[in-house]
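Notes for the one structure printed next.
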Amino acid sequence: MTDIVEKNRRDWEEYSERYMAFNLSDSVLERLKARPESAFAPAVWAMLKEYLLELEGKRVCVPSSGDNHAVLAFALMGAQVTSCDISQNQLAAAKAAAEKLGLGDRAAFQQEDTMRLDGIEDGAYDLVYTSNGVHVWLNDLPSMYGNIHRILKPGGLYVMYELHPFQRPFGEGLKVVKPYDSTGPFEDETTVNFAWRVQDIVNPILDAGIRLMRMEEIMPKPDYEHPFFVKNEEIVNGRRLSREEVDAMYDWRQNPAAALPEMIALAGRRDGQG
């Protein structure tokens, strides 16, 4: 049987240099330093402001931290942040970026499997945040959410931002490429991934003892630097589009996929005071 975590880890280790060179470029770091809140979709930033109130002095954990934009943003806003990822190369690049921004004392970087979080202490965090592109790599969401619950303080906040599952059955031109309830695993030569439904995410959150307070379904809005409808690898490899091309992608009359919600965001609390 394929070791899913190890196969995906090896792929991310190999891909990391190109990925992080794009996502932690000087221009990205300058933007984050000037506007840390730009690391978050407006709906997500609104959740954080409403339910956490302030970040100064808070302890934050970001499992499957990926590009680490959220990690750097939280640290820039005064939080003590633990960044967790299976890729050591991703973490090394993020640590270098944190030091470049003068955040060495506010951000720690640990190699962890998000479904286990073995090296993360119980009941320690005011906030756990997972961002876009986490769930697709994980085969055991109940374990993931059981451990997120474990590391949160009583009353601690969990916020999730993720690709909306309604996007996953469709390919280019809204051509159906799989049934909604076909969740995987989908394996190729280098990776194993999953296409979880809304219920596959929400039920483990609830079962873990995290009380949901809010859900947002976020519609596509033009992103001229990183258009949603262009594969990430193409952007990392240098593909650039004109504003006119991007605008056309986000017009549902020209691109039917733009009529569907792009992202989903959830906010909840661990059982207890807060």
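The values are calculated or read from the model by the stated rules, or taken from the named source; none is laboratory data. Small disclaimer: the values here were computed from a predicted structure and weren't measured. Every residue, glycine as well, gets a Cβ built from its backbone with ideal geometry; the counts of neighbours run over all protein chains shown. Only protein heavy atoms, including side chains, enter the accessible area calculation; ligands, DNA and RNA are left aside. Shrake-Rupley method; radii C 1.70, N 1.55, O 1.52, S 1.80 Å.
So here's what we get for this one:
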item	result
Any hit, region 237-250, residues being surrounded by fewer than 17 Cβ atoms within 10 Å (Cβ to Cβ), touching a Leu at 6+ places or on another chain (Cβ under 7 Å) and on the phi < 0 side of the Ramachandran plot	no
Candidates THR183, THR191 - the one that is under 15 Å from ASP140 (Cα atoms), among the β-branched types (Val, Ile, Thr) and at pLDDT 95 or above	THR183
Region 138-165, residues that are open to solvent by 60 Å² or more (accessible area, probe 1.4 Å) and in contact with a helix residue (DSSP H, G or I) (Cβ under 8 Å, 6 or more places away or on another chain)	ASN139, PRO142
Hey, CYS61 open to solvent by less than 10 Å² (accessible area, probe 1.4 Å), farther than 19 Å from GLU37 by Cα and either out of contact with any Lys or Arg (no Cβ under 9 Å at 6 or more places or on another chain) or among the small types (Gly, Ala, Ser) (or both) or not	no
Condition broken by GLN80, with the remaining ones in (1) open to solvent by less than 70 Å² (accessible area, probe 1.4 Å); (2) in contact (Cβ under 8 Å) with a residue 12 or more places away in the chain satisfied	(1)
Residue match in region 168-182 (condition: under 19 Å from the mean Cα position of the chain (by Cα) and either on the phi > 0 side of the Ramachandran plot or not charged (D, E, K, R) (or both))	no
Within region 173-206, considering residues that are farther than 21 Å from TYR161 by Cβ and acidic (Asp, Glu), the one most open to solvent (accessible area, probe 1.4 Å)	GLU189
Test: residue in region 165-176 that is assigned to a helix (DSSP H, G or I), in contact with a strand residue (DSSP E or B) (Cβ under 8 Å, 6 or more places away or on another chain) and not aliphatic (A, V, I, L, M)	yes
Region 87-113, residues that are surrounded by 23 or more Cβ atoms within 10 Å (Cβ to Cβ) and in a loop (DSSP other than H, G, I, E, B)	SER87
Residue tally, condition within 15 Å of the chain's Cα centre (by Cα), at negative phi and not hydroxyl-bearing (Ser, Thr, Tyr), over region 49-80	11
Pair list, Cβ < 7 Å and 6+ apart or interchain, from region 230-242 residues that are over 20 Å from ALA257 (Cα atoms) to residues that are open to solvent by less than 90 Å² (accessible area, probe 1.4 Å)	VAL236/TYR19; VAL236/PHE22; ARG239/VAL230
Qualifying residue in region 37-47 (condition: over 18 Å from the mean Cα position of the chain (by Cα), farther than 21 Å from VAL236 by Cα and surrounded by fewer than 23 Cβ atoms within 10 Å (Cβ to Cβ))	no
